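The values are calculated or read from the model by the stated rules, or taken from the named source; none is laboratory data. Everything numeric in this text was worked out from a predicted model, so none of it was measured. With ideal geometry, Cβ positions are generated from the backbone for all residues, glycine too; neighbour counts draw on all protein chains shown. What goes into the accessible areas is simple: the full protein's heavy atoms, side chains included, and nothing from ligands, DNA or RNA. Shrake-Rupley method; radii C 1.70, N 1.55, O 1.52, S 1.80 Å.
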Amino acid sequence: MVTIDDVIAGYTGKEIPEEIREERSQMAMQLVQDAIRISMEINSKYHTPEELRELMSEMTGKPVDESFRLFPPFYADFGKNITFGCDVFLNSGCHFQDQGGIYIGDHALIGHNVVLATINHDLDPANNRKNHYAPIHIGNNVWIGSNATVLAGVSIGDWAVVAAGAVVTSDVEPYTVVGGVPARVIKRIHPLEEAAGLAAYRELPQPDRY
């Protein structure tokens, strides 16, 4: 019997036994349709925060932490290869193309209309735009600004900031601010200063982020 893990394995380049390839392909198409259905449910009417967490748990196929927050609309191509840490916030209009795997660390802030795209297409006409998949890893306390795009295979280090409108084509080091097309380092954040600021921040009364 084909499982979700078999479907995901096909996106990671693992060899799929010939006897289950057709069944795996059919299941992949069904999971895509499930993601569309759940996205439509999320986006078509009001849901409480608790209901949104339940829907995102259904979307990802794994429990979403009670600290997770989402402002709809939200769109996912596949859904089952997304992993959220604790205290993640997604602002409205995010698009996740997650077949290759999207991993978002604790306390990450994802701005309006951010695109996370884990699929690339082959440039060689002989390969007929064959799909290539690679994961996106977003570290802890990362802030991605509105309308940024992160491409397949990119890792973003802890406490990094991606400026609004950036197109991130390569890895981002921790404690850096990147921006532009393609994104380049704009400045570096001193970790000791950041640690001191975080310590002071944690001493303050925490506001309601809604």
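Residues of segment 142-185 that are of a type in the set (D, E, K, R) and either in a loop (DSSP other than H, G, I, E, B) or under 19 Å from N113 (Cα atoms) (or both): D158, D171, E173.
Within segment 90-101, identify whether any single residue is in a loop (DSSP other than H, G, I, E, B), over 18 Å from R37 (Cα atoms), in contact with an Asp or Glu (Cβ under 7 Å, 6 or more places away or on another chain) and at pLDDT 95 or above, and answer yes or no. No, the conditions are met nowhere in segment 90-101.
Here D124 meets the list (1) among the charged types (D, E, K, R); (2) surrounded by 18 or more Cβ atoms within 10 Å (Cβ to Cβ); (3) out of contact with any strand residue (DSSP E or B) (no Cβ under 8 Å at 6 or more places or on another chain) almost entirely, failing just condition (2). In segment 1-26, of all residues being in contact with a helix residue (DSSP H, G or I) (Cβ under 6 Å, 6 or more places away or on another chain) and assigned to a loop (DSSP other than H, G, I, E, B), the one that is surrounded by the most Cβ atoms within 10 Å (Cβ to Cβ) corresponds to V2. Does N113 count as open to solvent by less than 30 Å² (accessible area, probe 1.4 Å) and of a type in the set (S, T, N, Q)? Taking the combined requirement at face value, the residue does not satisfy it. Name the pairs whose Cβ atoms lie under 8 Å apart, with the first residue in segment 148-168 and under 28 Å from N131 (Cα atoms) and hydroxyl-bearing (S, T, Y), the second open to solvent by less than 30 Å² (accessible area, probe 1.4 Å) and in a loop (DSSP other than H, G, I, E, B), and 6 or more positions between them or separate chains? Hits for this filter: T149/V114; T149/A166; S155/G139. Within segment 27-48, the set of residues being exposed (fewer than 13 other Cβ atoms within 10 Å of the Cβ), of a type in the set (S, T, Y) and under 23 Å from E66 (Cβ atoms) comprises Y46, T48.
Answer yes if at least one residue in segment 121-133 is under 16 Å from G101 (Cα atoms) and modelled with pLDDT of 95 or more, and no otherwise. Checked segment 121-133: no residue is under 16 Å from G101 (Cα atoms) and modelled with pLDDT of 95 or more. Would you mind stating whether H137 is within 26 Å of F71 (Cβ to Cβ) and surrounded by fewer than 17 Cβ atoms within 10 Å (Cβ to Cβ)? No.
Looking at segment 33-54 only, could you name the residues that are touching a residue at least 12 places away in the same chain (Cβ under 8 Å) and more than 16 Å from the chain's Cα centre (by Cα)? Quick ask: steps written out before the conclusion?
Of the residues in segment 33-54, the ones touching a residue at least 12 places away in the same chain (Cβ under 8 Å) are 34-35, 38-39, 41-43, 47, 49, 52-53.
Residues satisfying the conditions are D34, I38, E41, I42, N43, H47, P49, L52.
Scanning segment 59-110 for residues that are without any contact (Cβ under 8 Å) to a residue 60 or more places away in the chain, among the charged types (D, E, K, R) and surrounded by 17 or more Cβ atoms within 10 Å (Cβ to Cβ) yields a count of 3.
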